[in-house]
Amino acid sequence: MIIMGIDPGTAVTGYGVISVSGNSVSWVDSGVIVTDTAEPLSERLLIIYDGLSKKINEHSPGRVAVEEAFYGKNVHTTLVLGHARGVAMLAAAQRGCGVFEYSPREIKKSVTGNGNASKDQVEYMVKTLLRPEGGKMRQDAYDALAVAMCDFYNMGRGALLVNKNKKDK
């Protein structure tokens, strides 16, 4: 199975693709989609959508995991981030991928064991676990790989909950 993780942003959107075989994972691809902040938001969203659509078509993931918005003090920033999340989810859904969302805290806890881990700690664990090729990447690509890893660690949990609910009925 192929899982794609997405770290959405209107200036930089990270993507990370992993392959799952049994209980092991391996790095497939990762990178960023960068937009020009001087361009109108609608143009930037189109660039993100097109870039993610291309990567989804290239790798055909069965699952796409997207980081949830961080609700900070700046409401405008959170709202704009929601647009990037929306086009990421749309690109995945249009191609028939299952779409799953995880909070930043869930992602950090899944990858490092600590929900308050720093970005450097997340990067270190992604490098250790996946050994991505190509040298140094942007932080957004490491974050996207962490989102994919979080989905890998949590995908069995959803099946367990569904089976438990069926037994309870």
*Taking T78 as the residue in question, decide whether it is surrounded by 16 or more Cβ atoms within 10 Å (Cβ to Cβ), among the polar types (S, T, N, Q) and over 15 Å from the mean Cα position of the chain (by Cα).*
no
*Which ones in the range 40-55 are closer than 24 Å to S103 by Cβ and either touching a helix residue (DSSP H, G or I) at 6+ places or on another chain (Cβ under 6 Å) or part of a loop (DSSP other than H, G, I, E, B) (or both)?*
L45, I48, Y49, L52
*Could you list, in sequence order, the residues of the range 59-75 that are assigned to a helix (DSSP H, G or I) and exposed (fewer than 12 other Cβ atoms within 10 Å of the Cβ)?*
V75
*Within the range 122-142, how many residues turn out to be farther than 20 Å from S19 by Cα and touching a residue at least 12 places away in the same chain (Cβ under 8 Å)?*
2
*Which residues, taken from the range 109-119, are assigned to a helix (DSSP H, G or I) and either over 14 Å from L129 (Cα atoms) or in contact with a Cys (Cβ under 7 Å, 6 or more places away or on another chain) (or both)?*
K109, S110, V111, K119
*Those residues that are small (G, A, S) and farther than 15 Å from V147 by Cβ, I need them from the range 116-127; list them, please.*
S118
*May I ask you to list the residues in the range 11-33 that are small (G, A, S), assigned to a strand (DSSP E or B) and closer than 12 Å to F152 by Cβ?*
G16, S19, S21, S24, S26
*Failed condition for N74, given (1) on the phi > 0 side of the Ramachandran plot; (2) of a type outside the set (A, V, I, L, M, F, W, C); (3) modelled with pLDDT under 95, with all others met?*
(1)
*Could you tell me which residue of the range 81-115 is surrounded by the most Cβ atoms within 10 Å (Cβ to Cβ), considering only residues that are among the polar types (S, T, N, Q) and either closer than 14 Å to A148 by Cα or out of contact with any helix residue (DSSP H, G or I) (no Cβ under 7 Å at 6 or more places or on another chain) (or both)?*
S110
*Please state which one of I56, I6, I47 is closer than 23 Å to K108 by Cα, of a type in the set (V, I, T) and modelled with pLDDT of 95 or more.*
I6
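The values are calculated or read from the model by the stated rules, or taken from the named source; none is laboratory data. On a predicted model such as this, the values are computed, not experimentally measured, just so you know. Because the Cβ atoms are built from the backbone with ideal geometry, glycine has one as well, and the counts that use them run over all protein chains shown.
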